[in-house]
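Novice: Structure incoming, see below.
Please treat every number below as a calculation from the coordinates, not as lab data. Values in this document were obtained by computation on a predicted structure and should not be read as measured data. Note that we place each Cβ from the backbone using ideal geometry, even for glycine, and neighbour counts take in every protein chain shown.
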Amino acid sequence: MAYRPETAKPLNALAEVLLRGPNTLTPAERELIATYVSSRNDCFFCQNIHGAIAAFHLAGNEKLVAEVKQDFEAAPVSGKLKALLAIAGKVQQGGKSVTPADVERARRQGATDMEIHDTVLIAAAFCMFNRYVDGLATWQPDDPAMYRARAAKTAQEGYGRTP
């Protein structure tokens, strides 16, 4: 992001809208969607930073983040979030993988059209973000404490406002 600030600005603005903007999905739920997609894409940096942000919003519940990444269907999250994560996983495979049955499941669990739309957009955007980060061989810290500290700052101040 530092290399091309003129491209970083709209990318951070997109992340801000998708993950922190007004929405009926909580920031924790949206960060979990981003984390899940990033873990499926094996993007170390994104799954760790967004997982840490999700955990921050979940009062530090890193165990729940790990459970969602491992097997969201067995994780203690709402049926609605499970249905949305299923859609996100299908988007990660390819947009045409999402079926009317997937959308109907989400609606039956109480998801609105906007929540379904935003889930698809978060998943698609994170496929791009993951490929951007990994495609440039971005340096990725190993220290979980760094991700926790950065997560707290990002959760409180937003995207594009942190170094």
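Novice: Using DSSP H assignments, which helices in the chain have an axial alpha-carbon span of 30 Å or above and a mean Kyte-Doolittle hydropathy of -0.5 or higher?
Specialist: Membrane-span-like by this rule: 113-135.
Novice: Quick one: which of 103-116, 34-47 comes out on top by average Cβ neighbours within 10 Å, and what's the full order, highest first?
Specialist: So the order, starting with the most tightly packed, is 34-47, 103-116.
Novice: Here's something else I'd like to know. Can you work out the base-10 log of I(q)/I(0) for the chain at q = 0.14 1/Å, using the Debye formula on its C-alpha atoms alone?
Specialist: -0.66
Novice: With n ≥ 4 as the cut-off for DSSP H runs, can you work out [θ] at 222 nm for the chain, using -39500 (n - 2.57) per run divided by the number of residues, rounded to the nearest 500?
Specialist: -23000 deg cm²/dmol
Novice: Please work out the C-alpha center-to-center distance from the range 106-163 to the range 1-62 and express it in whole Å.
Specialist: Measuring centre to centre over Cα atoms gives 2 Å.
Novice: Going highest first, how would you order 1-7, 48-54 by mean Cβ packing within 10 Å?
Specialist: Ranking, from highest mean packing down: 48-54, 1-7.
Novice: A further question follows. Sequence neighbours fewer than 8 away in the same chain don't count; with that in mind, list the lysines whose C-alpha is under 22 Å from residue 96.
Specialist: 80, 82
Novice: Semi-axes of the equivalent ellipsoid of the range 61-138: what are they in whole Å, largest first, if each equals the square root of 5 times a C-alpha gyration tensor eigenvalue?
Specialist: 22, 17, 10
Novice: Quick one: compute the contact order of the chain, relative version, from alpha carbon pairs under 8 angstrom and 6+ residues apart, as a percent.
Specialist: 31 percent
Novice: Return, in residue-number order, each cysteine of the chain whose C-beta is not under 4.7 Å from any other cysteine's C-beta.
Specialist: Within the chain, the cysteines lacking a partner Cβ under 4.7 Å are 127.
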